[in-house]
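Each remark here refers to the structure printed beneath this line.
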Amino acid sequence: TSVLLLSGTLGLERGDQSKPYRYVPMFSAATAPTLNPGASIGQVNVARLPVRPLEQLPLSRDRYAVGARFIHAFGSATLRLEQRLYTDSWAQTASTTDARTLFDLSGSLCVWLHGRFNAQSATSFYKLAYTAGIDPGSGRLAIPAFRTDDRELGPLVTLTGGPGVLLNLGSAGKVHYGISAQTDFMFSKYFDALFITGRTAVYGTLGLDGEFE
């Protein structure tokens, strides 16, 4: 009636993952501290310097994660809990907790409730406002070697939840067919990003399931 699964994941990424269309605003050392999370496009355009270099990320990223999944069946219901802990060579850490409770209402109908909570820190090079200036030694413009305005690399939390349903359509030979539908409501809070402080979304799926013996 119970299953416990432990897992570990290692990901080694090499190559330039920078977006070729993403330009990062630069600010003077005096102006950068005055910007607050969620600053509007107008506020950023007034405060930024004329230079807007392309995004540049490190050329390698090593990802490490450990996880656990616990499934327990009791009567006509099943509880599934998942926990994942993550860190990488960019100094980003994250924790993801996922829970799903499934109810077998009949031999052909199953419904469930789903909840998920994700929290993460920023990478070591992520900043709300990057500074640029003239290098006194060379007289050239000095900008940070690594720079991005990708809010997914900054600190955030995301809360997700919603219902789902699976209807068994019967069997054809050794194949069992079903149709499933799920709706999730998601809210993300960005703690240190320009232009936006939160986002609400609705995610829905409709699928045809096949189980092969």
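The values are calculated or read from the model by the stated rules, or taken from the named source; none is laboratory data. Here the structure is a predicted model, which is why all the values come from computation and not from measurement. Ideal geometry is used to build each Cβ from the backbone, glycine not excepted, and the neighbour counts take in all protein chains shown. These area figures cover heavy atoms from the full protein model, side chains too; ligands, DNA and RNA do not enter into them. Shrake-Rupley method; radii C 1.70, N 1.55, O 1.52, S 1.80 Å.
Some observations on this one:
- Residue count, the stretch 61-78 (criterion: open to solvent by 50 Å² or more (accessible area, probe 1.4 Å) and not in a loop (DSSP other than H, G, I, E, B)): 8
- Residues of the stretch 87-128 that turn out to be of a type in the set (D, E, K, R), at pLDDT 95 or above and either in contact with a strand residue (DSSP E or B) (Cβ under 7 Å, 6 or more places away or on another chain) or part of a strand (DSSP E or B) (or both), as a count: 4
- Leu141 passes every criterion in (1) in contact (Cβ under 8 Å) with a residue 40 or more places away in the chain; (2) over 30 Å from Asn45 (Cβ atoms) apart from (2).
- When residues in the stretch 196-213 are screened for being touching a residue at least 12 places away in the same chain (Cβ under 8 Å), open to solvent by less than 100 Å² (accessible area, probe 1.4 Å) and either touching a Ser or Thr at 6+ places or on another chain (Cβ under 7 Å) or in a strand (DSSP E or B) (or both), 6 of them pass.
Residue-by-condition table, conditions (1) in contact (Cβ under 8 Å) with a residue 24 or more places away in the chain; (2) within 20 Å of Asp88 (Cβ to Cβ); (3) open to solvent by less than 100 Å² (accessible area, probe 1.4 Å):
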position	(1), (2), (3)
Gly11	yes, yes, yes
Tyr23	yes, no, no
Met26	yes, no, yes
Thr34	no, no, yes
Gly42	no, no, yes
Val46	no, no, no
Pro50	no, no, no
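- Test: Phe187 is open to solvent by 70 Å² or more (accessible area, probe 1.4 Å), in a loop (DSSP other than H, G, I, E, B) and not acidic (Asp, Glu): no
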